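Notes to accompany the following structure.
The values are calculated or read from the model by the stated rules, or taken from the named source; none is laboratory data. These numbers were taken from a predicted model, which means no experiment stands behind them. All Cβ positions, even for glycine, are placed from backbone atoms using ideal geometry, and neighbour counts span all protein chains on display. Ligands, DNA and RNA are excluded from the accessible area calculation, which covers all protein heavy atoms including side chains. Shrake-Rupley method; radii C 1.70, N 1.55, O 1.52, S 1.80 Å.
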Amino acid sequence: MARHEDDDAFVFDLVEEEGDRDKPPAPALAEEQDQAGPGATPDPVSPPAARTADAVRASVGLRRALAAGAVLATVLGTGVAVDGMHDAARVEEIRDVRGGVVDVSAPLDEVWEWNGVVGSRRALAEGEGNQVAALGPLLAFESADGLLALRAVSGEEAWTVPLGADPDCGPTGYLGWSDVETKTMVCLQGSGADREVFTVGPDGVPSEPRVLGAEDEEHYGYARPGPDGTVLRARRVGTEPAARDGAQCPDEGECSGTVTAGRDLLVRAEDAVTGEERWRTTVPFHPMAAEGCRAGPALPWDRSDDIVKTGERLDTEGFGARIEPAVLQVWGCGFRAGVTTEGAVLPMAGVPGFGLVFGLDTGGYVAQTIAQRSDGTTDSTLFTADGGVAARVDGSLSRPRTTDAPGAATLLSTDPPGGRLRSYTPDGTRRWDVAVRDGSAQYLAQVDDTVVTTTWTGDVRGRDLATGAVRWTWRTASGLYDWPYESGYVSQAFTDGQSLLMLLESGSGDTELVSLDIASGELVWDGTSSKVLTERLETMLLAVDGNLLEVSQMGVRRLG
């Protein structure tokens, strides 16, 4: 204990016991050494962490006691208040990161519950309910009475904005597949000549509605709510080719041939309040295998119901999109691409190509190819913030689902055919390359100096951020008490900067919450006793302003 040089408070030095965390990683298992290629680092497996589950729980209790004692220390003038300030700073940082929850170090209970419709009438009818947006500390979504916002911390209804006929508010996210954080929501309502748009911010005060001109729809296409307070429009442009070069997609059987000619896509963004054009861009057509041009259930841009054709299901004109706060993803015959909020086009590699484009906290983007090439491999493209190509990477490149270092997040590339796991900095510089048993590892988290991955077979591994060496391993089947199934996998992940909260699912639909100590991989707690999760269908977990929310089509609950 020492007196701080700047005041009269005492500072208590808390020293952790020395354990295996400071030891070098153990040698690789022979099975994994055999898989390592020339110049690659094998995938070592460290021995079990020195700290037991009881020790982890004790350290959790100590952290909570210090946090509570910080309040008293402030009154008494002791240096323990310094720890309290550090903890308060950590809490504020966690509120602002993706997947950040203030505290997941102890079993969760229901804090509040709100019952009501979550999602628009159209979305619910099409089985795509609980599409939501995070407006700072608020959870916003279309409901029975209009656009509704709940305070994430209390469940209180902050405000409701009535909506007219055929409403369409966005951008929103769905079931954890996309980002949901936005500063402004854009709502369209009415039909025909009465179609209008307004914006809503966290204060719940709508802007003056602006009528959408029919001539703009004719010139630029159907209007949709866009990111950053914009209205997006899109339409095919150019001369429609007369022939299809023998490409076809019958009602029954496989598609055949290649569509070699088609029309480009014009995308235009206008200010939702003023109508002034912000940017326009063209997504070019590229030859595509007929399978990529099949008419299907993907929601059309104009939200029409004519999505299934009879006889010939080759659709060279239709296109759809997913509108997110950071990027617009468009797909159609001849293109799979992302468009940034500034209008830069981010093409996806691969023909036929189905993929995913997502934004990075550093301002860049990743185009991730999902469909495999003919040789079974995949690739990804890393873009700069202005849409330039920073690097092309073998394998499927992904960001952590949760991290306490959004500005310096490591990217991981998985390569199932080659059995490789590679680490990259946000500018595309490769850090390390290790051989793994299962190359299809999913990237869960980067917390402190540990990256955590998992596989569909239930392995969860903590790796050294700098080297990729395995620090600890945890299995879903063996880590829980009375675990009712062997085929558990991790579908979502959250962190408080010290513990990792995972949502486990099974093929039969069972779900469970598990918290691991991020440094050791030891089980902190599991939810087999409390069963805090509901059994509602189409349920997702979501972090809003540091609060963990369970969202379904029938309501919202906060867990804490």
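Distance between the modelled labels on D264 and E92, one decimal in nanometres: 4.8 nm (7 Å Cα→Cβ projection). Taking 0.36 nm per residue of separation and subtracting the current Cα-Cα distance, fully stretching the chain between T467 and E156 would add 107.4 nm. In the context of the full protein assembly, E196 retains an accessible surface of approximately 50 Å², using a probe radius of 1.4 Å and ignoring ligands and nucleic acids.
Counted residue by residue at 0.36 nm each, then reduced by the alpha carbon distance between them, the extension gain from D245 to R536 reaches 99.9 nm. Figure note: W432, W456 ranked by solvent-accessible area, largest first, 1.4 Å probe, ligands and nucleic acids not counted: W456, W432. As a calculated quantity, the FRET efficiency between E113 and S304 at R0 = 41 Å, using C-beta atoms, amounts to about 0.65. Using θ = phi - 60° in the Karplus curve 6.51 cos²θ - 1.76 cosθ + 1.60, the 3J(HN,Hα) couplings for segment 185-195 round to 9, 10, 10, 9, 7, x, 9, x, 5, 9, 5 Hz; x is entered for Gly and Pro. A simple rule links phi to the HN-Hα coupling: the Karplus curve 6.51 cos²θ - 1.76 cosθ + 1.60 with θ = phi - 60°, which for segment 514-521 gives 9, 10, 10, 6, 5, 7, 10, x Hz, with x for Gly and Pro.
Please give, to one decimal in nm, the separation of the simple spin-label points placed at H286 and D448, each 7 Å out from Cα toward the Cβ. Between H286 and D448, the simple spin-label model gives 4.3 nm.
Accessible area per residue (1.4 Å probe, heavy atoms of protein chains only) ranks Y443, Y489 as Y489, Y443, with the largest value leading.
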